[in-house]
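Please treat every number below as a calculation from the coordinates, not as lab data. This structure is a prediction, so every number in the text was calculated from the model and none was measured. Don't worry about glycine lacking a Cβ; one is built from the backbone with ideal geometry, like all the others, and counts go over all protein chains shown.
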Amino acid sequence: MSTQEELEAERFLHRAIKYLQSTFPDTVKEMDDETLKNKLIDDCQTALEYGFDTEADMMMVVDFLWRIPVDYAQLPEYEWVKEILTSQDMDKEMKIDALHNAFATIKALEEDETEESDETE
């Protein structure tokens, strides 16, 4: 990697860390700087493995990954994440939309269940 590429990568990481700090302050405050940077790099690597290679695309995936459980890949209720990411029938934009739509649906169902259980108590 050239010095210019290294500088650009560091700038990207800096911007991404600032974004994560402002968007997920409670999660970030539980991490030291090295842990945060390593998680970000791991999440970017995940994005790259699924073909998301621009900074904007990677950050869309990183943002999504921060909204779901860290161990999502081992959770049967989150199998849909890998199914969407590995789909051959969708382009990157469609995959991001599908991830966010599925996640929104799950969150809405969870809220409905919570409301229903609150009403029965």
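Residues to consider are 53, 26, 57; find the one that is in a helix (DSSP H, G or I) and farther than 18 Å from residue 98 by Cβ.
Values: 53 fails: in a helix (DSSP H, G or I); 57 fails: farther than 18 Å from residue 98 by Cβ.
Just one listed residue meets the conditions, 26.
Just checking, how many residues over the stretch 71-84 are under 12 Å from the mean Cα position of the chain (by Cα) and touching a residue at least 12 places away in the same chain (Cβ under 8 Å)?
1
If I go through the stretch 33-58 residue by residue, how many of them are of a type in the set (Ser, Thr, Tyr) and within 15 Å of residue 70 (Cβ to Cβ)? Walk me through how you get there before you give the answer.
First, the residues of the stretch 33-58 that are of a type in the set (Ser, Thr, Tyr): 35, 46, 50, 54.
Applying the additional criterion that residues be within 15 Å of residue 70 (Cβ to Cβ) yields 35, 46.
Number satisfying all stated conditions: 2.
Can you pull out the residues in the stretch 90-100 that are part of a helix (DSSP H, G or I) and surrounded by 11 or more Cβ atoms within 10 Å (Cβ to Cβ)? Full working, then the answer.
First, the residues of the stretch 90-100 that are part of a helix (DSSP H, G or I): 92-100.
92, 94, 95, 96, 97, 98, 99, 100, listed by residue number.
Take the stretch 85-103 and flag every residue that is free of Cβ contacts under 8 Å to residues at least 12 places away in the same chain and touching a helix residue (DSSP H, G or I) at 6+ places or on another chain (Cβ under 8 Å).
Listed by number, the residues that qualify are 87, 90.
Here is a check on your reading of the model: is residue 70 surrounded by 10 or more Cβ atoms within 10 Å (Cβ to Cβ), outside any helix (DSSP H, G or I) and hydrophobic (A, V, I, L, M, F, W, C)?
Numbers: surrounded by 10 or more Cβ atoms within 10 Å (Cβ to Cβ): yes; outside any helix (DSSP H, G or I): yes; hydrophobic (A, V, I, L, M, F, W, C): yes.
Yes: the conditions hold for residue 70.
When the stretch 33-50 is examined, which residues are found to be of a type in the set (S, T, N, Q) and surrounded by 13 or more Cβ atoms within 10 Å (Cβ to Cβ)? Break it down stepwise before answering.
Applying the first criterion (of a type in the set (S, T, N, Q)) to the stretch 33-50 yields 35, 38, 45-46.
Across the stretch 33-50, the qualifying residue is only 46.
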